[in-house]
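Student: What follows is a single structure, and I will ask about it in a moment.
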Amino acid sequence: MSAISRDDVAHLAMLARIDLSDAELDKMAGELAIILESVARVNEAATDDVPPTSHPLPLTNVTRSDVVRPSLTAEEALSGAPASEQQRFSVPRILDED
């Protein structure tokens, strides 16, 4: 006997707003029963001594410290630009005003 009935599948299909035929309802009842059995088997695994993890290996973020260093002034950065305006690079417009 299936753990999920045809009426249960019809109810789930209605909640998900999925229109299923009678044949699809019968087929889905069997498939959903298999899925539920598989989930139940996974829940039976002995995990009391296993700590929850998000990744099997420890991860560390490799970053460098944020240190202020000398850099180009606005004038130096814009010195090689073909066009500039208000201390910014000036580029051709690609989008219309609309």
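The values are calculated or read from the model by the stated rules, or taken from the named source; none is laboratory data. Note that the structure is predicted; figures quoted are calculated from it, not measured. Cβ: placed from backbone, ideal geometry, glycine included. Neighbour counts: every protein chain shown.
Student: Quick one: residue 17 ticks every box in (1) out of contact with any helix residue (DSSP H, G or I) (no Cβ under 7 Å at 6 or more places or on another chain); (2) closer than 18 Å to residue 3 by Cβ; (3) among the charged types (D, E, K, R) except a single one, so which number is it?
Tutor: (2)
Student: Filtering the range 39-69 down to residues that are of a type in the set (S, T, N, Q) and either surrounded by 10 or more Cβ atoms within 10 Å (Cβ to Cβ) or more than 27 Å from the chain's Cα centre (by Cα) (or both), which residue is farthest from residue 10 (Cα to Cα)?
Tutor: Going through the qualifying residues, I end up with 65.
Student: Does any residue in the range 14-27 that is among the charged types (D, E, K, R) and surrounded by 10 or more Cβ atoms within 10 Å (Cβ to Cβ) come within less than 8 Å, Cβ to Cβ, of a residue that is modelled with pLDDT under 95 and in a helix (DSSP H, G or I) six or more places away or on a different chain, and which pairs are these?
Tutor: As it stands, the answer is 26/6, since those pairs meet every condition given.
Student: What number of residues within the range 49-81 are touching a Phe, Trp or Tyr at 6+ places or on another chain (Cβ under 9 Å) and not in a loop (DSSP other than H, G, I, E, B)?
Tutor: Summing the residues that are touching a Phe, Trp or Tyr at 6+ places or on another chain (Cβ under 9 Å) and not in a loop (DSSP other than H, G, I, E, B) in the range 49-81 gives 2.
Student: Of the residues that make up the range 72-91, is at least one of a type in the set (Lys, Arg) and more than 34 Å from the chain's Cα centre (by Cα)?
Tutor: Yes, because at least one residue in the range 72-91 is of a type in the set (Lys, Arg) and more than 34 Å from the chain's Cα centre (by Cα).
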